[in-house]
Amino acid sequence: MFPARVAREMPHRYRLEAAKCRNCGAVFFPHRLICRECGHREFDTINISAIGKLISYTIIHTPASQFKDESPFALGICEFPEGVKITAQVVDIAAADIKTGMSLQIEFRRVQTDGHAGVIGYGYKFVPVI
Amino acid sequence: MRDVAIVGVGMQKWGELWEKSFRDLFVEAALNAISDTKVSKIDHMYIGCMTGGLFVGQEHVGSIMADYLGQRNLAATRVESACASGGMALRCGFVEVASGMSDIVLVGGVEKMTDVSGDGATYALATAADQEYEVFHGATFPGLYALMARAYMDRYGATRDQLSAVAVKNHDNGLNNPNAQYQMKLTVQQVNESVMVADPLRILDCSPITDGAAALILCPLSRAKEFSDKPPIKIIGCGMATDSIALHDRKSLTSLDAVRIAGERALKMAGKTINDINVTEVHDCFTIAEIIVSEALGMFPAGKGALACVNGETRVEGKFPINTSGGLKSKGHPVGATGVAQAIEIVHQLHGEAGKRQVKNAKVGMTQNMGGSGGSSVVHIMEVA
């Protein structure tokens with residue numbers, strides 16, 4: 001991971017910043033330069049809500065090499081009240097307890113590391129609602 | 001636009017081909033296609049290849065293949081649309097001939113996937129997903145299709161056995177295809193009990209890692225008789241569509257809009273409906289993919305594709321025969337070559353040369369090739385001219 005590549009995504013990964021179209025109100029995560037729904041080019045920055053609903057999940061047994069130590073792990077897609085859907089790992093819960101339709105909270109976590117001395121990729125994961 | 005015909009085809013038996021290099025794979029298939037015709041000179045070549053760079057460290061694919069094909073200075077273009085690269089190459093070749101720009105076009109596809117480890121292949125293939133918003137979090141391709149499979153099973157009540165029926169059917173067809181990588185019979189129980197890859201998908205739900213290439217020769221229909229004694233196969237429809245490459249950005253996890261729209265565009269161009277199609281090759285990279293694609297193409301209503309397979313409707317003798325070649329599942333899936341090989345199977349079917357897997361009275365055939373988790377799809381429709 002090159003530091004610039006990580007830094008570019010920080011507003012989304014660290015602060016859950018999304019772009020809301022000033023014309024039609026559609027919300028995009030991450031931000032875009034042009035609205036997919038109406039073609040407008042001005043946006044307001046908003047933050048995604050903390051709690052979303054799990055719409056599907058899988059337990060990955062054959063991950064890419066940087067996730068070998070965590071295998072098997074759960075990966076899910078949550079839908080948030082703003083209309084945005086996000087893919088992330090589902091953690092701090094046993095696989096058998098994960099159910100489609102459950103509410104999950106999005107939390108700031110370490111997602112992957114670039115070897116022992118490289119860049120640490122922080123971002124978000126889904127956890128049970130406290 | 002001029003009418004365009006396929007006058008020659010070539011590939012090799014696919015598999016884990018340690019002894020064959022990236023360039024040898026392609027040239028072997030291309031020479032087989034040229035030998036299938038009386039063509040001596042090619043005007044342009046299109047090659048579908050997803051990622052020669054990540055699999056064997058080789059880009060600049062058009063030039064190296066033109067040279068090794070003994071066609072130095074040939075105009076050559078490499079085409080990429082992830083696992084739909086081969087279908088996209090065919091679309092480019094079709095446009096090249098239809099437009100009048102070239103007369104004789106070689107359309108090929110190639111991927112050399114087994115020189116890297118399983119991890120390396122997982123990484124290379126995952127570049128077809130959203131790198132920052134899917135892959136960064138640990139998504140793999142089996143994982144993305146597993147998210148679709150669970151959503152489909154939750155929504156429509158599809159069962160484990162129904163997913164397995166797709167793999168069983170495609171392996172039954174592959175048994176009769178001498179070029180298939182895995183010519184072995186499967187049972188529902190074997191699929192159900194195979195190793196878990198990404199729950200609910202198991203290893204026998206997944207297409208394999210494959211080395212292979214495939215090639216076609218296209219020319220104007222008006223010149224087809226100069227190059228082949230067989231009936232020319234006319235390309236009558238060609239549709240392509242894209243969608244967001246991030247699965248989570250789609251309206252639904254249980255439908256594939258790029259496939260639906262590409263199919264509608266191809267059928268409209270051909271002046272056909274889905275009921276006119278006698279045989280179809282679809283992109284069954286995972287069992288769930290074949291089910292959702294069969295619905296997106298309009299063969300079955302949403303939620304009925306899984307049951308249709310169980311009921312035999314997609315078998316060789318069914319109403320909508322799907323993947324008579326064995327599909328990606330049994331024939332193998334060298335990603336850049338797959339879309340081209342799908343067209344080869346349809347050519348064999350329309351010529352009545354498919355042996356034990358022949359669909360009776362096949363007059364009109366369709367291919368559906370797909371990139372990523374459905375971020376792109378290309379559909380072609382062909383008939384005997």
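If you only keep lysine pairs separated by 8 or more in sequence, or across chains, how many in region A:3-128 come under 19 Å at the Cα atoms?
Details: A:Lys20/A:Lys85; A:Lys53/A:Lys85; A:Lys53/A:Lys99; A:Lys53/A:Lys125; A:Lys68/A:Lys125; A:Lys85/A:Lys99; A:Lys85/A:Lys125; A:Lys99/A:Lys125.
Eligible lysine pairs with Cα atoms under 19 Å apart amount to 8.
Give me log10 I(q)/I(0) at q = 0.15, 0.19 Å⁻¹ for region B:42-163, Debye formula, one equal scatterer per alpha-carbon, no solvent.
Debye output, listed in q order: -0.80, -1.00.
Could you tell me the distance between the Cα centroids of region B:1-71 and region B:311-385, to the nearest Å?
20 Å
Select from region B:308-363 those GluC sites (Glu not before Pro) which occupy a DSSP coil region and have at most 12 other Cβ atoms within 10 Å, ordered by residue number.
Working: sites: B:Glu313, B:Glu317, B:Glu345, B:Glu353; in loops: B:Glu313, B:Glu317, B:Glu353.
Answer by residue number: B:Glu317, B:Glu353.
What does the convex hull of the Cα atoms come to per residue for the protein assembly as shown, in Å³?
Here the figure is 149 Å³ per residue.
Rounded to the nearest Å, what's the spacing between the alpha carbon centres of region B:219-249 and region B:157-199? Just the number, please.
Centre-to-centre distance over Cα atoms comes out at 29 Å.
What dipole magnitude, in Debye to the nearest 20, does the protein assembly as shown give about its Cα centre under +1 on Lys/Arg Cβ and -1 on Asp/Glu Cβ?
Details: 51 positive and 54 negative charges, 173 e Å.
In debye, rounded to 20, the protein assembly as shown gives about 840.
What distance in nm separates the two pseudo spin-label positions at B:Glu226 and B:His351, each 7 Å out from Cα along the beta-carbon direction?
That separation, rounded to one decimal, is 2.0 nm.
Contact order normalised by length for region A:3-128, with contacts defined as Cα pairs under 8 Å and 6 or more residues apart; what percent is it? Don't jump to the answer; show the numbers that get you there.
Details: 243 pairs, mean separation 27.0, N = 126.
After rounding, I find 21 percent.
Based solely on its DSSP helices, what 222 nm [θ] is calculated for the protein assembly as shown when runs of n ≥ 4 H residues each add -39,500 (n - 2.57) and the sum is averaged over all residues, nearest 500 deg cm²/dmol?
Computed mean residue ellipticity for the protein assembly as shown: -8500 deg cm²/dmol.
How many percent of the alpha carbon pairs in chain B exceed a separation of 29 Å? The partial results should precede the final answer.
Numbers: 25221 of 73920 pairs.
Tail of the P(r) past 29 Å holds 34 percent of the pairs.
Setting aside same-chain residues fewer than 8 positions from B:Lys272, which aspartates and glutamates have a Cα under 15 Å from its Cα?
By straight Cα distance, B:Lys272 reaches B:Glu264, B:Glu383.
Taking 25 Å as R0, compute the FRET efficiency from the Cβ-Cβ separation of A:Ser65 and A:Lys99 and round it to 0.05.
On the way: r = 30 Å, r/R0 = 1.20.
Efficiency, rounded to the nearest 0.05: 0.25.
So what is the relative contact order of chain B, in percent, for Cα pairs below 8 Å that sit 6 or more residues apart?
Numbers: 996 pairs, mean separation 98.3, N = 385.
Reported relative contact order: 26 percent.
Return the average number of partner chain Cβ atoms within 10 angstrom of each residue Cβ along peptide A:77-88.
Working: counts 10, 1, 1, 0, 0, 0, 0, 2, 7, 5, 16, 7.
Mean inter-chain Cβ contacts per residue within 10 Å come to 4.
For chain A, what % of the accessible area comes from carbon and sulfur atoms, probe 1.4 Å? Don't skip to the answer; put the middle values down first.
Values: 3470 of 6700 Å².
Of the solvent-accessible surface of chain A, carbon and sulfur hold 52 percent.
Would you mind computing Rg(Cα) / (2.2 N^0.38 Å) for chain A, counting N as its residues?
On the way: Rg = 15.9 Å, N = 130, 2.2 N^0.38 = 14.0 Å.
Dividing the Cα radius of gyration by 2.2 N^0.38 Å gives 1.14.
In terms of modelled amide H atoms, which long-range or inter-chain residues lie less than 5 Å from the amide H of B:Ala76?
Result for B:Ala76 returns B:Met45.
If a helix is a whole DSSP H run, which ones in chain B reach 24 Å or further along their own axis (Cα) and hold a mean Kyte-Doolittle hydropathy of at least -0.5? Before the final figure, lay out the partial values.
Working: long enough: B:335-351 (25 Å, 0.73).
Answer set is B:335-351.
What are the principal axis extents of the Cα atoms in region B:112-202, in Å, biggest first?
Taking the Cα atoms of region B:112-202, the three principal extents are 40, 38, 18 Å.
So, taking all protein chains as they sit and a 1.4 Å probe, how much accessible area belongs to B:Asp154, in Å² rounded to tens?
90 Å²
The values are calculated or read from the model by the stated rules, or taken from the named source; none is laboratory data. Keep in mind that this is a model prediction, so the values were computed, not measured. Methodologically, a virtual Cβ is constructed for each residue, glycine included, from the backbone with ideal geometry; neighbour enumeration extends over all protein chains shown. Heavy atoms of the whole protein, side chains included, go into the accessibility calculation; ligands, DNA and RNA do not. Shrake-Rupley method; radii C 1.70, N 1.55, O 1.52, S 1.80 Å.
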